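The values are calculated or read from the model by the stated rules, or taken from the named source; none is laboratory data. Fair warning: this is a prediction, and the values are worked out from it, not measured in the lab. Here the Cβ positions follow ideal geometry from the backbone for every residue, glycine too, while neighbour counts run over all protein chains shown.
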Amino acid sequence: MIKIVIIEDEKPAVDKLKHLLLGTGEEITIIRILGSVEESVNWLSSNVSPDLIFMDIQLSDGIAFEIFESVNIISPVIFTTAFDTYAIRAFKVNSIDYLLKPIEAELLKHALKKYRDHYPNPLSDKINQMISQIPITYKSRFLIKTGEHFRSVSVTDIESFFIQERSTFFITNESKILDIDFSLDQLEKLVNPDDFFRANRNYLINIHYIRDMIGYSGNRIKLKMRSGNYPEPVIISRERVNAFKQRMDN
């Protein structure tokens, strides 16, 4: 069974793709239909990755590549679009095919065959369920080298991680800035998501150190952290605002 998410903002296009998919003879279940960049970011950030994503490129609030800037998408993607101008960019992300609208049934079957060839043994629902029941262990400390010395820093003492000039740093509860040899994407997987939230491309913040939340332009939110030692304002990006509100309203 292939679990599919469709990202498409036009209902006729959704209906046609569903009809074509169900006519391929493959065992398919469509678990979600998403209609915008914002909705896609919010859903993909908080749900288990599907087996396969069909993704239109031009959506109601932007282009689909913005989703990849906010979410680490591990699912293979088949792009569907009326334009061929994005083909090169599409294959720079984890795309396995690029279908031009109107989608032809035979080309769709060929795209699914490519998926099967690249992912021949998808995990069964039972195995996925077993994996989901394995407790996840997050890091509790980071060993940091400063000059000739080493320092072990508790994750609970870290106010935020951030990127500056292509290097990654963190700020402690003592307002000290230290560098760390991880990317923000790596750190996001290492620390407990109950405590840390990816505010934007450059900031991963510890929500327990938020001092104030202020409405900002473009429906964004500006944060004041306990430490004022920041190289720039900490802004919740437009794509992450809904997820942030849900997190803070638990």
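The table below gives the values:
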{"read-out": "Residues (surrounded by fewer than 16 Cβ atoms within 10 Å (Cβ to Cβ), within 21 Å of Val41 (Cβ to Cβ) and either of a type outside the set (Ser, Thr, Tyr) or in contact with a Gly (Cβ under 7 Å, 6 or more places away or on another chain) (or both)) located in region 164-189", "value": "Asp185, Gln186, Lys189"}
{"read-out": "Residues (under 21 Å from Phe244 (Cα atoms) and of a type in the set (D, E, K, R)) located in region 34-67", "value": "Glu38, Glu39, Asp61, Glu66"}
{"read-out": "Residue list for region 8-20, filter: in contact (Cβ under 8 Å) with a residue 24 or more places away in the chain, assigned to a helix (DSSP H, G or I) and surrounded by fewer than 21 Cβ atoms within 10 Å (Cβ to Cβ)", "value": "Ala13, Lys16, Leu20"}
{"read-out": "Top-ranked residue of region 207-222 - restricted to ones that are farther than 19 Å from Ser40 by Cα and in contact with a helix residue (DSSP H, G or I) (Cβ under 9 Å, 6 or more places away or on another chain), ranked as surrounded by the fewest Cβ atoms within 10 Å (Cβ to Cβ)", "value": "His208"}
{"read-out": "Test result for Glu159, touching a His at 6+ places or on another chain (Cβ under 9 Å) and within 20 Å of Tyr138 (Cβ to Cβ)", "value": "yes"}
{"read-out": "Given (1) at pLDDT below 90; (2) crowded, with 20+ Cβ neighbours inside 10 Å, number of the condition Phe65 does not satisfy", "value": "(2)"}
{"read-out": "Subset of region 22-58 [surrounded by fewer than 21 Cβ atoms within 10 Å (Cβ to Cβ), outside any loop (DSSP other than H, G, I, E, B) and either more than 19 Å from the chain's Cα centre (by Cα) or of a type outside the set (A, V, I, L, M, F, W, C) (or both)]", "value": "Leu22, Ile28, Thr29, Ile30, Arg32, Glu39, Ser45, Ser46, Gln58"}
